[in-house]
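Structure first, commentary second.
The values are calculated or read from the model by the stated rules, or taken from the named source; none is laboratory data. Only a predicted model underlies this, so the values are computations on that prediction, with no experimental measurement involved. Glycine also receives a Cβ, built like all others from the backbone with ideal geometry; neighbour counts cover every protein chain displayed. Heads up: the accessible areas ignore ligands, DNA and RNA and are worked out on the full protein's heavy atoms, side chains in. Shrake-Rupley method; radii C 1.70, N 1.55, O 1.52, S 1.80 Å.
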Amino acid sequence: MATPRPGTTVIDRKVIQLFARVSEALARATHALLGDEALLGQTVIDGDQEVDDLSAEVELLIWDELQARPVTGDELRYLVALLLIIPELERSADLAEHIAQRAVDHLGTQMSARSRGIVQLMTDVANRMWQEAADAFGERSKVSNRLVTADEEMDILHEKLTREVANEKMAAAIAAQVTLLARFYERLGDHAVNLARRIELLVDLDG
């Protein structure tokens, strides 16, 4: 049986929706953080349950497919690959929620100017990585090499932000939160790379 193409199955369409929701949550959370828009941050937090619900719905659809009839070969590998993709998306949405919570707590206004600048750069890299990962799923394209390079850039920015926290001698509570923030962005980069690699399994099956 041929591997389902993007947009031809309910499962694919819902996974594309998940990618879109996570990408949007990340963009809105970081905008809220740096723009000190607590209400916008709260909308990201409130919307995380929708991502959780959609993730659970997709996983249930996949298990229904697996249980409805014997599934073997490429179709089985396809469904298993999707089961590996869903948790990466759900965890990434949680990270966007964590960033949004810092926006609600007005962390952006308590950071040094240099820290804010580094976070803006991390935001730009993260948004670019997530857009590429989402496009890769929809188009069944291989982008992991590019995302690995971008992830290395993210790691460098993570180190810069961590050093900035130490050099600025921020209040301990603020320093701890900024350090966590750096970690959130680093993990978002890692998840984007992991997703790109999972997607390449689908590309190989389509080929």
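The table that follows gives values for the structure above.
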quantity: Cut-off 12 Å between beta-carbons: net charge of the residues surrounding Arg128, Lys and Arg +1, Asp and Glu -1; calculated: -4
quantity: Cβ-based charge dipole, the chain, positive-most Cα from Ala113, Val51, Ala176; calculated: Ala113
quantity: Order by protection proxy (mean Cβ within 10 Å, highest first), peptides 63-76, 42-55, 85-98; calculated: 85-98, 42-55, 63-76
quantity: Sequence-distant aspartates and glutamates (8 or more away, or on other chains) whose Cα lies within less than 14 Å of Lys142; calculated: Glu132, Glu200, Asp204, Asp206
quantity: Accessible surface, region 68-151, averaged per residue in Å² (probe 1.4 Å); calculated: 43
quantity: Relative contact order of region 98-207, defined on C-alpha pairs under 8 angstrom at six or more residues apart (%); calculated: 40
quantity: Options (i) 29, 20, 14; (ii) 23, 21, 18; (iii) 35, 18, 12 - which one matches semi-axes √(5λ) of the Cα gyration tensor in Å as calculated here; calculated: (iii)
quantity: Folded to 0 to 90 degrees: helix 172-206 orientation relative to the chain principal axis, Cα; calculated: 20
quantity: Contact order relative to length of the chain, as percent, for alpha carbon pairs under 8 angstrom and 6 or more apart; calculated: 29
quantity: Partners for Lys160 among lysines (Cα-Cα distance below 28 Å; same-chain residues under 8 apart left out); calculated: Lys169
quantity: Rounded tilt (10° steps) of 38-68 against the dominant C-alpha axis of the chain; calculated: 20
quantity: Cβ charges +1 (Lys, Arg) and -1 (Asp, Glu), total dipole of the chain, debye; calculated: 460
quantity: Max mean-square fluctuation residue, GNM over the chain, Cα-Cα springs under 10 Å, options Met122, Met111, Met170; calculated: Met170
quantity: Calculated FRET value between Lys169 and Arg69, using beta carbons and R₀ = 45 Å, to 0.05; calculated: 0.10
quantity: Rounded FRET efficiency, nearest 0.05, which uses the C-beta distance separating Arg197 from Arg114 and R0 of 30 Å; calculated: 0.35
quantity: Listed residues Ala113, Ala133, Ala192, most fluctuating in the chain (Gaussian network, C-alpha, under 10 Å); calculated: Ala113
